[in-house]
Amino acid sequence: MRILKKKTVDRSVYELGLERVHRAYDLYDRVVVSFSGGKDSTACLHLALEVAKELHRLPVAVVFFDEEAIHPETVDYVRRVSQRGDVELCWYCIPVRHRNACSRRSPFWYPWAPEDRSKWCRELPREAIADVNGFKRQPIPEINGLLFPRHTGTVGMIVGLRAAESLRRYRAVAHRVADNYISQDPFASHVYLVKPIYDWTTADVWTAPNAFGWDYNRTYDVLQ
């Protein structure tokens, strides 16, 4: 695979991020933000909110996978986001499959597994969606096709992937010039992964909430 060199442009990453989200709204029948409550998905959410407001496409559809063992401040933050009038958030609490690096006997673990209820870290939140039609304990990347059936049209899934985080992520956005931040979901051909902040640095991600007054996950304050 050919890897293109980085190129400096005379525009801010914020402007480019908005432009890329605009592109997603132009290309796809639906635009959805994949939200973890973290700093990168927070930036993606606010870019989508600004573009959707301009295009009269509010509320913004958001999906959140609650992985059970998360910080209380993350729960509080996601709840604040879910209560916004310009957001329509689906809060999934389902036993998605995760690799378990702590045990050879149990190579996977599943948050919210009903058979392990006595071991849950906390009770289900009141917003929980605990059932998805066709779900068979797949990992999160394989679920988009279940959440958004093909007959509902094409989907642009906005994700907070940044090239600076790893060489693999850099390579994912460095092999073509046009729409390099868009890729087809390998598990659902009608879903496209849109990475509007792929060229943001960590400093960019933290500058934006301060500059624009965005709410953010206070876990970062607690664990800094």
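Calculate, in nm to one decimal, what His22 and Asn100 gain on full extension: separation in residues at 0.36 nm each, minus their alpha carbon distance.
Result: 24.2 nm gained on full extension.
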Given Cβ charges of +1 for Lys and Arg and -1 for Asp and Glu, the option among Pro111, Val51, Phe35 whose Cα lies farthest towards the positive end of the dipole of the range 20-121 is Pro111
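Sort 158-165, 215-222 by the packing proxy (mean of other Cβ within 10 Å over each peptide's residues), most packed first. Please list the in-between numbers first.
Details: 158-165: 20.6, 215-222: 15.8.
Ranked from most to least packed, the peptides come out as 158-165, 215-222.
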Spin-label proximity, Asp10 to the range 197-213 - amide N less than 12 Å from point 7 Å beyond Cα toward beta carbon: none
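Only Lys, Arg, Asp and Glu count, each charged at its Cβ (+1, +1, -1, -1), so figure out the dipole size of the chain about its Cα centre, rounded to 20 debye.
Numbers: 32 positive and 28 negative charges, 196 e Å.
So the dipole magnitude of the chain works out to roughly 940 debye.
Might you report the magnitude of the Cβ-based charge dipole of the range 34-122 about its Cα centre, with Lys and Arg at +1 and Asp and Glu at -1, to the nearest 20 debye? Could you put the intermediate results ahead of the total?
Values: 13 positive and 12 negative charges, 77 e Å.
About 380 debye.
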How do the peptides 113-121, 88-96, 52-60 rank, highest first, by the average count of neighbouring beta carbon atoms within 10 Å per residue? 88-96, 52-60, 113-121
Among DSSP beta bridges whose residues both lie in the range 1-140, state the antiparallel percentage, nearest 5. 15 percent
When you take every Cα atom in the range 70-120, what is the radius of gyration, and what is Dmax, the widest Cα pair distance, in Å? 14.6, 46
Translational D in µm²/s for the chain (Stokes-Einstein at 25 °C, 0.890 mPa s, Kirkwood Rh from C-alpha pairs): 132 µm²/s
Sequence-distant lysines (8 or more away, or on other chains) whose Cα lies within less than 18 Å of Lys7: Lys195
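So what is the calculated 222 nm ellipticity per residue for the chain, using -39500 (n - 2.57) for each DSSP H run with n of 4 or more, over all residues, to the nearest 500 deg cm²/dmol?
On the way: 7 runs with 68 residues, N = 224.
Calculated mean residue ellipticity at 222 nm is -9000 deg cm²/dmol.
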Compute a Gaussian network model of the chain, connecting alpha carbons closer than 10 Å, and tell me which residue from Val62, Val31, Val87 fluctuates the most. Val87
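Would you please put 124-135, 195-206 in order of how densely packed they are, using the mean number of other Cβ atoms within 10 angstrom per residue and starting with the highest? Could you put the intermediate results ahead of the total?
Working: 124-135: 12.5, 195-206: 19.6.
The most tightly packed comes first, giving 195-206, 124-135.
FYI, it's all coordinate maths here, none of it is from the lab. Keep in mind that what you see is a predicted model, and the values were worked out from it rather than measured. For neighbour counting, all protein chains shown are included, and Cβ atoms are generated from backbone atoms with ideal geometry for every residue, glycine included.
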